Amino acid sequence: QVIKCRAAVLWEANKPFSIEEVEVAPPKEHEVRIKIVATGICRSDDHVITGALVKPFPIILGHEAAGVVESVGQGVTSVKPGDKVVPLFVPQCGECKSCLNTKGNLCCKTDLCASNGLMPDGTTRFTCKGKAVYHFLGTSTFTEYTVVHESAVAKIDSAAPLEKVCLIGCGFSTGYGAALQTAKVEPGSTCAIFGLGGVGLSAVMGCKAAGAARIIAVDINKDKFAKAKELGATDCINPKDLDKPIHEVLIEMTGGGVDYSFEVIGRTDTMTAALACCHYNYGVSVIVGVPPAAQKITFDPILLFTGRSWKGSVFGGWKSKDAVPKLVADYMNKKFVLDPLITHTLPWTKINEGFDLLRAGE
């Protein structure tokens with residue numbers, strides 16, 4: 001059965017979302033149709049609106065959500081109608097090189113790099129006003145119903161509150177995992193985190209959980225400092241208050257540079273600053289923020305020659321289908337909190353107001 005429902009469709013770049021009636025086709029073989037209950041909004045969605053992340057239009061954005069399985073296509077074995085689930089923008093097919101390697105998590109089936117906006121079989125499940133509408137990252141959660149591939153959905157605890165654990169679909173897992181999985185922060189170490197949005201705060205939580213002794217939070221919005229401290233930051237710095245480059249200040253503060261740094265903004269200038277503030281010989285810097293399209297980084301290679309490591313992290317390095325149910329279980333067992341990451345709860349038809357709040361740093 002085709003389902004008619006409402007979705008926030010983005011018809012073109014730099015325009016607001018339009019709440020439209022869309023048709024959502026039934027799931028094909030190895031696909032799952034989900035009723036979305038809660039979705040978070042993320043800077044990566046906004047990057048599509050501004051053109052920093054190039055995707056085809058019209059499109060239904062959204063990739064951080066939780067919902068309930070409505071129906072399944074032929075051959076689906078891992079979930080059934082009625083199951084509570086989290087859609088996965090990084091799938092886990094279990095067959096490609098990354099999935100088979102213990103070190104990798106970026107499944108070749110992800111639409112992050114290909115960005116054709118279609119299901120694995122090359123077609124879309126959404127139509128609006130007679131036009132095909134593209135998918136986003138294989139998830140498209142700004143809609144009452146969506147269709148995902150079976151490799152891109154994880155069944156979670158039936159008691160989990162969906163309006164909280166939707167954050168495990170992107171923001172929380174990304175920041176927390178960047179510290180625990182990608183950097184493998186060690187007890188007693190010193191960390192610097194650039195950017196204190198939801199993902200940056202989750203990186204603060206990850207560094208604290210790993211036992212870091214000093215966690216230095218960096219943001220140009222001082223209103224974010226109180227929450228960063230509540231979640232484990234030991235120092236907070238506003239680069240606007242400094243009379244010299246932030247990396248020099250961090251090197252002075254730490255007597256030679258931090259052990260681990262995290263860039264959680266998605267700007268090339270802060271990526272190089274985060275690399276430069278690491279200890280020259282054994283510091284590790286992790287890029288967590290989505291890099292803007294068509295921008296290049298120029299830096300002095302001596303920064304790497306002396307021994308620093310530069311890494312990237314997508315979805316916190318977690319193998320999604322395996323990790324998400326465990327992270328939800330950890331949340332249920334109170335191993336970490338999610339409430340501080342939720343600033344506003346709006347009816348989803350007010351999605352444009354939500355993005356205004358995001359852009360205002362609120």
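For Ala66, the stated conditions hold: it is surrounded by 22 or more Cβ atoms within 10 Å (Cβ to Cβ) and either assigned to a loop (DSSP other than H, G, I, E, B) or in contact with a helix residue (DSSP H, G or I) (Cβ under 9 Å, 6 or more places away or on another chain) (or both). There is no residue in segment 187-202 that is over 23 Å from Pro58 (Cα atoms), open to solvent by less than 40 Å² (accessible area, probe 1.4 Å), over 21 Å from the mean Cα position of the chain (by Cα) and hydrophobic (A, V, I, L, M, F, W, C). Are any of the residues in segment 104-116 under 28 Å from Ala8 (Cβ atoms), open to solvent by 40 Å² or more (accessible area, probe 1.4 Å) and without any contact (Cβ under 8 Å) to a residue 40 or more places away in the chain? Yes, because at least one residue in segment 104-116 is under 28 Å from Ala8 (Cβ atoms), open to solvent by 40 Å² or more (accessible area, probe 1.4 Å) and without any contact (Cβ under 8 Å) to a residue 40 or more places away in the chain. If you go through segment 36-58 and pick out every residue that is surrounded by 23 or more Cβ atoms within 10 Å (Cβ to Cβ) and touching a strand residue (DSSP E or B) at 6+ places or on another chain (Cβ under 8 Å), you end up with 5. Among the candidates Lys208, Lys244, the residue that is among the basic types (Lys, Arg), assigned by the TED database to the domain that holds Ile302, under 24 Å from Phe315 (Cα atoms) and open to solvent by 60 Å² or more (accessible area, probe 1.4 Å) is uniquely Lys208.
Every condition in (1) assigned to a strand (DSSP E or B); (2) touching a His at 6+ places or on another chain (Cβ under 9 Å) is met by Thr141 except one, and the failing one is (1). Of all residue pairs spaced 6 or more apart or on separate chains, those with beta-carbon atoms under 6 Å, a first member in segment 246-268 that is at pLDDT below 95 and a second member that is among the hydrophobic types (A, V, I, L, M, F, W, C) and open to solvent by 20 Å² or more (accessible area, probe 1.4 Å) are Gly266/Val290; Thr268/Ile297.
The values are calculated or read from the model by the stated rules, or taken from the named source; none is laboratory data. Computed from a predicted structure; not experimentally measured. Don't worry about glycine lacking a Cβ; one is built from the backbone with ideal geometry, like all the others, and counts go over all protein chains shown. Note: areas computed on protein heavy atoms with side chains; ligands, DNA, RNA excluded. Shrake-Rupley method; radii C 1.70, N 1.55, O 1.52, S 1.80 Å.
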